[in-house]
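Right, one structure below, let's go through it.
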């Protein structure tokens, strides 16, 4: 999928290989086959930072049905000064063909007219889980297209998840990351991670964020209060 939030560290990788910040669960770029609970929202905020570079993003997802969610997001890059500014919005959707096991997602970026599709396979082995992504990204009016992939292995505790992932395109590996998230309460999760590339002179970046979950208050429920 198209990852077009912001452009340092992890976010830069997502632009290149097509994983959507609108769909994947922070801090990981590799998506899982689960969808947002029907009738609820998830608001994700995050930032990447390292030395003289920084970027931030925000995304909102909504569970439309018990198998499908939709999302929208955008990013802002404050540093370096020469690249400061907002980036084009991204929209995405995910449909669980086999709930929590296999899903398909699609996304598009208004900024660079890039679009992507992604197949997602998730499998658990007790407290250990693995997520595998395989997809393709393309840019309108060009012949540019990339095959993309990602693999994330994680350990799921009662209130936390810790894991590591790698990802790239058909041209080679582009990213590694180690990260974790911790559930502070039923509606708030905090996350952090560190990531880098596979270049000879490795570029590192730290990432941190918050995810908020909240239900939809239906009109008929308001009347009944």
Once label points are set 7 Å from the Cα along Cα→Cβ at both residue 190 and residue 130, what is their separation, rounded to one decimal in nm?
3.3
Classify segment 9-224: rounded, prolate or oblate, from the alpha-carbon gyration tensor (a ≥ b ≥ c, eigenvalue square roots; a/c under 1.5 rounded; otherwise prolate if a/b is larger than b/c)?
rounded
What does the highest-first list of 62-71, 140-149 look like by mean Cβ count within 10 Å?
62-71, 140-149
To the nearest 0.05, what FRET efficiency results for residue 201 and residue 40 with a Förster distance of 41 Å applied to their C-beta separation?
0.40
Once fully extended, how much extra length lies between residue 51 and residue 72, figured as 0.36 nm per residue of separation less the alpha-carbon to alpha-carbon distance?
4.7 nm
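Pairs of Cα atoms under 8 Å, at least six residues apart: use those to get the relative contact order of segment 9-224, whole percent.
The value is 20 percent.
Each reported figure results from applying straightforward, stated rules to the coordinates on display, with no laboratory input. Treat the numbers as computed from the prediction; the structure is a model and nothing was measured. Positions of Cβ are backbone-derived with ideal geometry, glycine not excepted, and every protein chain shown enters the neighbour counts.
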